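Presented below is the structure to which this report refers.
The values are calculated or read from the model by the stated rules, or taken from the named source; none is laboratory data. All figures in this text were calculated on a predicted structure; none of them were measured in a lab. Reconstructed Cβ throughout: ideal geometry from the backbone, glycine too, with neighbour counts over all protein chains shown. Accessible surface is based on the protein model in full, side chains and every heavy atom, while ligands, DNA and RNA are left aside. Shrake-Rupley method; radii C 1.70, N 1.55, O 1.52, S 1.80 Å.
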Amino acid sequence: IVWEDLAGKLWVVDGHQRVGLAKRIKATNPDADTRVSGILLREKDGIAPEEAMVMAAKRNIAEGSGGAIDAAKIARIYPDIFDESMPLTGGEARMAFELTQLEDEAFGMVINEVVPYQYGAIVGRLIPDDGVRQKAAMNLIAKADPASAAEAESLVRQVRDEEIFEE
């Protein structure tokens, strides 16, 4: 996916590896056919650069390429990326969606690799609307260092189901 700005400059939005490979092949063999097919999105047609980025991200998420953390970063900025056209049946897309449910501090623990993103996704799925419990669950996971997702889920469920008495 390539985006063209109003000045006519082309920006690769998705397909950087393919373009890089084509350039390397062309450098070693100038006669090689290195054309890469793609989709052209143009600013003069009303496509903003952010929209092009979201379109590329959405495609990558749907195809299962790219990581859950990168997808979650984009989805936290553009939450509408997870609409009815986005399959969330499993894998990285599902985890990305679950990571978007984390409050900033809990998400930061994933970004900073204090808690593995797979375990952070469990917290987002089981405790989507409670930043205090999310933080408690993330701290417990970081401290306990569970050996499996099942073990992490058990810890998260314990935190979620704890009774908290407010004074």
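A count restricted to region 128-167 and to residues that are under 16 Å from Gly108 (Cα atoms) and buried (at least 19 other Cβ atoms within 10 Å of the Cβ) stands at 6. Within region 74-109, if we keep just the residues that are among the aromatic types (Phe, Trp, Tyr) and at pLDDT below 85, the residue that is surrounded by the fewest Cβ atoms within 10 Å (Cβ to Cβ) turns out to be Tyr78. Output yes when any residue across region 117-130 is of a type in the set (Lys, Arg) and within 20 Å of the chain's Cα centre (by Cα), and no when none is. Yes: region 117-130 contains one or more residues that are of a type in the set (Lys, Arg) and within 20 Å of the chain's Cα centre (by Cα).
For Asp14, the requirement of being in a loop (DSSP other than H, G, I, E, B) and within 29 Å of Gly108 (Cα to Cα) is met.
Considering region 34-51, and only residues there that are touching a helix residue (DSSP H, G or I) at 6+ places or on another chain (Cβ under 9 Å) and part of a loop (DSSP other than H, G, I, E, B), the residue that is most open to solvent (accessible area, probe 1.4 Å) turns out to be Arg35.
Filtered by the rule that a residue be at pLDDT 85 or above and either exposed (fewer than 15 other Cβ atoms within 10 Å of the Cβ) or polar (S, T, N, Q) (or both), region 52-73 gives no residues. Taking region 21-33 as the range and being surrounded by fewer than 16 Cβ atoms within 10 Å (Cβ to Cβ) and either out of contact with any helix residue (DSSP H, G or I) (no Cβ under 8 Å at 6 or more places or on another chain) or in contact (Cβ under 8 Å) with a residue 60 or more places away in the chain (or both) as the test, the residues that pass are Leu21, Lys23, Arg24, Ile25, Lys26, Ala27, Thr28, Asn29, Pro30, Asp31, Asp33.
Return yes when Arg18 is open to solvent by 60 Å² or more (accessible area, probe 1.4 Å) and touching a strand residue (DSSP E or B) at 6+ places or on another chain (Cβ under 7 Å) and no when it is not.
It is false that Arg18 is open to solvent by 60 Å² or more (accessible area, probe 1.4 Å) and touching a strand residue (DSSP E or B) at 6+ places or on another chain (Cβ under 7 Å).
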